[in-house]
1. Which ranges mark the helices (runs of 4 or more DSSP H) fully within region A:239-341 that have 2 or more residues being closer than 30 Å to A:Glu110 by Cα?
2. Of all residues being over 24 Å from B:Lys35 (Cβ atoms) and in contact (Cβ under 8 Å) with a residue 40 or more places away in the chain in region D:5-45, which is farthest from the other protein chains (Cβ to nearest Cβ)? Just the residue, please.
3. Of the conditions (1) assigned to a helix (DSSP H, G or I); (2) more than 14 Å from chain A (Cβ to nearest Cβ), D:Asn54 fails just one. Which one is it?
4. Please verify whether D:Thr85 is modelled with pLDDT of 85 or more, surrounded by fewer than 18 Cβ atoms within 10 Å (Cβ to Cβ) and either outside any helix (DSSP H, G or I) or away from chain A (no Cβ under 14 Å) (or both), treating the condition exactly as stated.
5. Looking at A:Val76, A:Val88, which is the one that is β-branched (Val, Ile, Thr), assigned to a helix (DSSP H, G or I) and out of contact with any His (no Cβ under 7 Å at 6 or more places or on another chain)?
6. Every residue in region D:4-23 that is farther than 17 Å from B:Phe112 by Cβ and out of contact with any Phe, Trp or Tyr (no Cβ under 7 Å at 6 or more places or on another chain), please.
7. Between a first residue in region B:13-26 that is touching a residue at least 12 places away in the same chain (Cβ under 8 Å) and a second residue that is surrounded by fewer than 15 Cβ atoms within 10 Å (Cβ to Cβ) and part of a helix (DSSP H, G or I), which pairs have beta carbons less than 7 Å apart while being 6 or more apart in sequence or on different chains?
8. Could you tell me which of the residues A:Gly209, A:Gly179 is in a helix (DSSP H, G or I), in contact (Cβ under 8 Å) with a residue 24 or more places away in the chain, of a type outside the set (Val, Ile, Thr) and closer than 27 Å to C:Gly440 by Cα?
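The values are calculated or read from the model by the stated rules, or taken from the named source; none is laboratory data. Since this is a predicted model, take the numbers as computed values, not measurements. Glycine also receives a Cβ, built like all others from the backbone with ideal geometry; neighbour counts cover every protein chain displayed.
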Amino acid sequence: MIALLIAAPLLGAAVLLCGGRRLDRAGHWIGTALAALSFVLGAVLFAGLLGRGAEDRTLVQHLYSWIPVEGFQADVAFRLDQLSITFVLLITGVGSLIHVYSIGYMEHDERRRRFFGYLNLFLAAMLILVLADNYLLLYLGWEGVGLASYLLIGFWQHKPSAATAAKKAFLVNRVGDMGLSIAIMLMFTTFGTFAFTPVLDGVGKTGEGTLTAIALMLLLAACGKSAQVPLQSWLGDAMEGPTPVSALIHAATMVTAGVYLIVRSGAIFNAAPDAQLVVTIVGAVTLLFGAIVGCAKDDIKKALAGSTMSQIGYMVLAAGLGPIGYAFAIMHLVTHGFFKAGLFLGAGSVMHGMNDEVDMRKYGGLRTYMPVTFVTFGLGYLAIIGFPGLSGFFSKDLIIEAAFAKGGTQGWILGGVALLGAGITAFYMTRVMLMTFFGEERWRNLPAASPDQPDVEPAADHGGGVPHPHESPKVMTVPMIVLAFGSVFAGAFFGIGERFVHWLEPVTSFAHGHPPVAAWVVTVATVTVMVLGVGLAWAQYGRRPVPAVAPRGSLLTRAARRDLYQDDFNHVVLVRGGEHLTRSLVYVDHTLVDGVVNGTAAGVGGLSARMRRLQNGFARSYAVSMFGGTALLVAATLLMRAV
Amino acid sequence: MNTVAAYTTSTGEAVQFWILGTVAVLGALGTVFLKRAVHSALSLAGTMIVLAVFYLANGAYFLGIVQIVVYTGAIMMLFLFVVMLVGVTAADSLKETIRGQRWLALLCGLGFGVLLIGGIGNATLTEFEGLAAANSGGNIQGLAALLFGKYVFAFEITGALLITAAVGAMVLTHRERTERAKTQKELAEERIRKGEYIPPLPAPGVYARHNAVDVAGLLPDGTPSELTVSATLRERGQIRDVSSQAIADLRALEQRANERLERDPLEPPRPRRGGSTELTRAEEAQQ
Amino acid sequence: MSFPLLTATAVLPALGAVATAAVPAARREAAKWLALLVSLGTLVLAVLVAVRFDPGGARFQLTESYDWIPAFGVRYELGVDGIGVALVLLTAVLIPFIVLAGWHDADPLETQSKRWRPTQGFFALILMVEAMVILSFEATDVFLFYIFFEAMLIPMYFLIGGFGDRAHQGGEEAAATQRSYAAVKFLLYNLAGGLIMLAAVIGLYVAAGSFSLPDILAARADGELTMGTNTERLLFLGFFLAFAVKAPLWPLHTWLPNAMGEATAPVAVLITAVVDKVGTFAMLRFCLGLFPEASKWATPVVLVLALISIVYGALLAVGQRDIKRLVAYASISHFGFIILGVFVMTSQGQSGATLYMVNHGISTAALMLVAGFLISRRGSRLIADYGGVQKVAPVLAGTFLIGGLATLSLPGLAPFVSEFLVLVGAFARYPVVGIIATFGIVLAALYTLVLYQRTMTGPVRPEVAKLPDLRVRELAVAAPLIALLIFLGVYPQPLTDLVNPAVRHTMSDVQQHDPEPEVEAAK
Amino acid sequence: MNPVNYLYLAALLFTIGATGVLVRRNAIVVFMCIELMLNACNLSLIAFSRMHGNLDGQIIAFFTMVVAAAEVVVGLAIIVSLFRTRHSASVDDARLMKL
């Protein structure tokens, strides 16, 4: 059953990718149908779990032994429990919606079949990731989603920027994967296995040092996948991919895999407080980093990407808090999955209507032209800024409380950061909202593409010229509406009565955090900060008209536009340095290592040439050498006699 | 005889050794260092004779005689033949052409000699039995017994060797004629066709006072022409240059003529010399 | 005396080589088909060997033994253990693809006359190499092994020097000179190694009094045979150097890029995927088996060299401008992994190394052969001459990408299994080594993706705009290899079952035990 | 006096002969020097035979002579033909061995 869940999209990927042109017409339907099928299967399994008691909701399906070697057992086994089923539903649900959406969005792309094949491949890999029963299989899914995201980011390969972005994403992820593999090796040397149950149960039996090491390595992996500082740089560029991809992979599902990893390995982190502290710090830093970047971007997708970063920062922060945060992390993950996917689909719909223009400074006043998009986007907006009653409100508020509940100065700092983050979120989301849907219609008197931003040139299959904004077709709007519903009600559904928390408790071991101040105080603070952020944004972008060409802006703005110079750093230190290193190594290999070899050859040749000069052809000089030799022989014999 | 063959060497032998030994060494040195091959050959012959004497003194009577007959008689003669063939007077300059060759040679020689002598020195056996017993039945008989008994096989093989050597020598020296020898007629025709020296080669100049086959005849202007001397002598570089001498002779002749005819000597000799040369030529022709 | 199966696996290709060479000049195609059939027949025999082989049984099976040179106790002695079977299979599997991929590589150019024989020679030489490689995998007599180890250089020399890559910048002249340079370098390098080995082989005979591996192992086990420490070390070095050149291990690697760069793609595959494996295989079987103490003594140095190979090879691969040279340096990096796995002396490491030999063979074949198809289309080896191929030839690009992903050992493809095993094995005994080696996987991703990006993506270059996609023959080469990669990636058990017992034997040879985990996990 | 002196003499002659071989360029003289060396050997052989009191030494000396005779015949023939071809008897002129 579980295997079937994965097999469906896998089959889809195989068929679509090997199928060839004859599937071009039906391909997208096949892909969508299989995605939906796996969602249905997931729902059925979920129902099955609900039918069981809270404690025996863990099913393990052992398929076969993957890598059996002396003292090394890796099985292909799947584990279905509350945590994984939650992800399954999120992945397949949002995934199916986005499949549907893509049918419309990719209509004009002649490689649509391959696109759906990649999407299915992604679904399969993601499901393997969340359903794996051991870390090695998880690693398989982990790299699988990496591959899928590589293929999808670089889907428009004719754009060098896209190809570069894809490569960058894969490489940065590889760095993270290094962490994961080292963690697995550590587990193997420590526990002799890397299946979840024995490892997590065996935590008590080993020293804290080892556990901290494992935990930090896992964190490194999580940073890579979830675009956390310092490995966040790829997410922004990943927006080169088609918008549905950004929605599915780089907002709703894949990027949250890091959070899943941390929560899944909760036992290890619980036993390694230092590692936990690092996790919270990473979360907090990313939270602010993403938010600041999000404030400065004019590219709507990059702004949303910044926000994604920051939201995942929230989740990581929560996950770093231990039992008091795990559940909330997952909860925020799910709600975020809804509203962020909705936001991205909305952005995609806007671009769809605007000739793939992504520069918000060339939008404005679109609410009348695309009402459905406006409404759904707006709901997502309210949800993310944590407007009371919407899903974001619940999950984020809970995380902030938990952060305060960490206790001590740490608690205050983390809580403060989270609070501040909420404010900035409100600011930049409002900015997006205002620049896109309100204000004057700046797109009327503008060329389609702006030269100063080469990475936002329109895709080849859409013409340029002055855009004629229009609402997207049903096949695109329906998923947006569904997601909007999700973003409105999910929070309340999960949050009220801690339903979600109790659901996850057997897996993530929930503990009530006790903030130093009453919970309602925190809530009020959150709301006020949110209102402040909105007001600030209104003051800056609502009242005054938005300049069509980005003003130079303050130092911070400029820094934020360039992702706080993080890319420049990478470029100078890693890329340039690497180039110089390789070039010099090539030189060394050719001159030094190979030079020694060829030098030996030349030396032998030269020596023999010298020797040849001895053979001057004069019989007499040969005779001399003979005679000398004889003399030496006589001397030798005499010496022998003498000795 | 027996005394010589005995194991105690007489003072006579000692004296003989020291004198003849010196001669032998000198001969050897001569062989090496004399410029002309002929002289080397002669000094070598000397050394060999001395050695023959030593053989006799050591009781090797047969070998002593063989040494004189075969070596000094046959082999050295052979050498002399070749020397003559190649040129008696062809003295190769002792100037060394290969760099360092001479010094190396001397060094090696010296070292080798020293080593050898040193070796003999510390291998010296103090007492030794003479050949009295061995030669009791006569030296020749003894040798014959060994030669045709113990060493007969080797002896036969040496026979084969000698024959082979003879054949080899013939093969090496014999010049293979690929085509029939040219007749006079053909040679003449060839010469005409080549178009050089159509007339027979000029005769060498001839003086009464010595064998003049090796004197180049003089051209009208008085310079000697090599063509007039036989090729072999040319090869050996044994042309006797008499151009200056001939002119000197002419002077003397004229002198005498003047004295007889009371001419005044202050005449410019130029125009008459040519004439006088012809004259003298005529005279010589008459003689 | 049952049917000599092992001999048959080698004799068939040898006879096939003779027959192929004897095909008349005009019947070129016939020669090709003959070669293909023979290689397939060999594959069948190899499969038979694998079937007859009983993993649970004796260490060396299907043994054959005849006196050859009684004077020196040299015997014609064959036998395979699990590792041998795996590698024989690898060889037998790859050769048909190499033949198929090289179908037109030795065809006459238009300028050549009808009486053009080299085509026959090309395929005959390939089969000859196959026969020798298989025999060296099967020989259990050290001297016999040495003979084939050296003899395979001769056909390889002609394959490299005689049938160069026609896609060459500097024109036919430069191609010829560089080709002969590469061939001579290859020959001299390996001969030098082999010479040292010959001395060591003789030394071994003097020390152990026998050439037969099983006898020596038995004697060692019973304690009858004891070598002096220094003797053993010297002999070990003699053997190891030869294998390190063949493998190739840094800094003895410089012949490989030249050879692979100048040879045609199939021959390059033959070099790196088949012939070089003899080196690593021999390290595992002879160095460790014959000289356990010396091996342990040399381990630190070898590990360091292997690490250097891994990182150095990968970095140089990043710096290459020539597709084939890039693959060559990548292979150097991978051989570093194999040697690492052999010498960390853990069963994971050694199983990993053995699987790595097989998987690397397949993955390199996939990548290199597809690259060869690409190069033969465009007529250039420079990465800079490509771009946007993905648009015009998606299938080619796809296969190329999968080959590349296999090279960077993506989980789910065969190389991942082996590479991870090697890493775990290394980490278990020497954590630092394991961690440094892990950097290799990042670099691998770097050079593979850079290669793919520069050649396949981006705007379509005018020169490549007309490139045709893969033809049926080429697809018949690429598809099975890829299928094999995926199958062994998700279900490597058949191989591991084959290899595990042999590894257990090797571990007992070197008297090593896996490090126990810190805590005995609650199973 | 002690007949060992014969050996000394032989050694001396031999050395002189050898040096001559090395120093002289005229093939004929070189040949003579070789003969000199052979004779030196013969002398030592004969002295030995006297010391040991048997005739084998003399026999060997005899064979040496025979062989020497053969050698001279061939050698001189070579010299003659050499002289014919290149009009000189200098050993240095025959250096075709040099590449």
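1. Fully inside region A:239-341 and qualifying: A:243-247, A:300-320.
2. Step by step, filter region D:5-45, then rank; the result is D:Tyr6.
3. It fails just one condition, (1).
4. Considered against the rule, which asks whether it is modelled with pLDDT of 85 or more, surrounded by fewer than 18 Cβ atoms within 10 Å (Cβ to Cβ) and either outside any helix (DSSP H, G or I) or away from chain A (no Cβ under 14 Å) (or both), D:Thr85 comes out as no.
5. On inspection, the qualifying residue turns out to be A:Val88.
6. D:Val4
7. Listed pairs, sorted by first residue: none to list.
8. Working: A:Gly209 fails: in contact (Cβ under 8 Å) with a residue 24 or more places away in the chain.
Only one candidate qualifies: A:Gly179.
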